[in-house]
Amino acid sequence: MSTLLFSALMVVVASASALAEQPGPHAVVLDTTTRVTKVIEEARSYVEEDPERFYSEVENILGDVVDFPSFARGVMGKYGSKRYYDTLSDDEKAKFRDRVERFTQTFRDRLIRTYAKGLLAFDGNRIEVLPLSDGEDLEGSVNVEQHIYGNAPQPYVIFYKLKEGRDGWKLRNVSIEGVNLGKTYQSQFSSAVRRYNGDIDQVIDNWTVEPESGVAAKG
């Protein structure tokens, strides 16, 4: 019994130590920015011959820091919600889980490719991740602000919404120049549901992600 108790305590201590060592939200965004910037700089020399390598490099980075399942379920709205899930029969619940899994993978693939292309095309001069305010409440979600300086007089302003979980701080949403991508994609999903007369499988099969025109126009 004493051995089991000691082992259990050691697991708790090790888990607490690991949590204490996890980087905070600002550090996560800063490190991700640094890594992605390096990948983009290196990709300019090979991307035309091997674009898949570039997408894979970006995915390797974002896969560690973006909570794609939560992001995707938010985009699905009621069709990805627990409340809706609880109203379904057992057979329907199985289909629900399959659809959420398929959409998460589709959403992940399309989002990474679309924005990887956008980042590669952007000729920014400097990227700054602003520090959190003193005494920032780290309970719940935290917004980390980033400025990207290009040729325009004012920088792009981006807010990354992160939430802490068992695996550390993960990104769950992004706002670019005041455009909330999560809400934008949720509206796109809802429109697609109407277009395909409620056929969620058709929505998933035909899902695309388009860059925000307002962001691209700033230049």
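The values are calculated or read from the model by the stated rules, or taken from the named source; none is laboratory data. Since the structure is predicted, the reported quantities are computational estimates derived from the model, not experimental observations. A quick note on method: Cβ atoms are made from the backbone with ideal geometry, for glycine too, and the neighbour counts reach across all protein chains shown.
One line per residue, one yes/no per condition, for (1) more than 17 Å from residue 33 (Cα to Cα); (2) out of contact with any strand residue (DSSP E or B) (no Cβ under 9 Å at 6 or more places or on another chain); (3) not hydrophobic (A, V, I, L, M, F, W, C):
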position	(1), (2), (3)
105	yes, yes, yes
119	no, yes, no
122	no, no, no
129	no, no, no
135	yes, yes, yes
138	yes, no, no
147	no, no, yes
150	no, no, yes
153	yes, yes, yes
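Do we have any residue at all in the stretch 55-64 that's aromatic (Phe, Trp, Tyr), modelled with pLDDT of 95 or more and touching a helix residue (DSSP H, G or I) at 6+ places or on another chain (Cβ under 6 Å)?
No, the stretch 55-64 has no match at all.
Of all residues in the stretch 53-80, how many are among the acidic types (Asp, Glu) and more than 27 Å from residue 192 (Cβ to Cβ)?
2
Filter the stretch 102-127 down to the residues that are acidic (Asp, Glu) and within 19 Å of residue 73 (Cβ to Cβ) and list them by number.
109
Residues that are within 19 Å of residue 64 (Cα to Cα): which strands (runs of 3 or more DSSP E) entirely in the stretch 110-183 hold 3 or more of them?
141-149, 156-165, 168-176
When residues of the stretch 164-204 are filtered for being in contact with a Gly (Cβ under 7 Å, 6 or more places away or on another chain) and either of a type outside the set (Ser, Thr, Tyr) or within 16 Å of residue 111 (Cα to Cα) (or both), how many remain?
7
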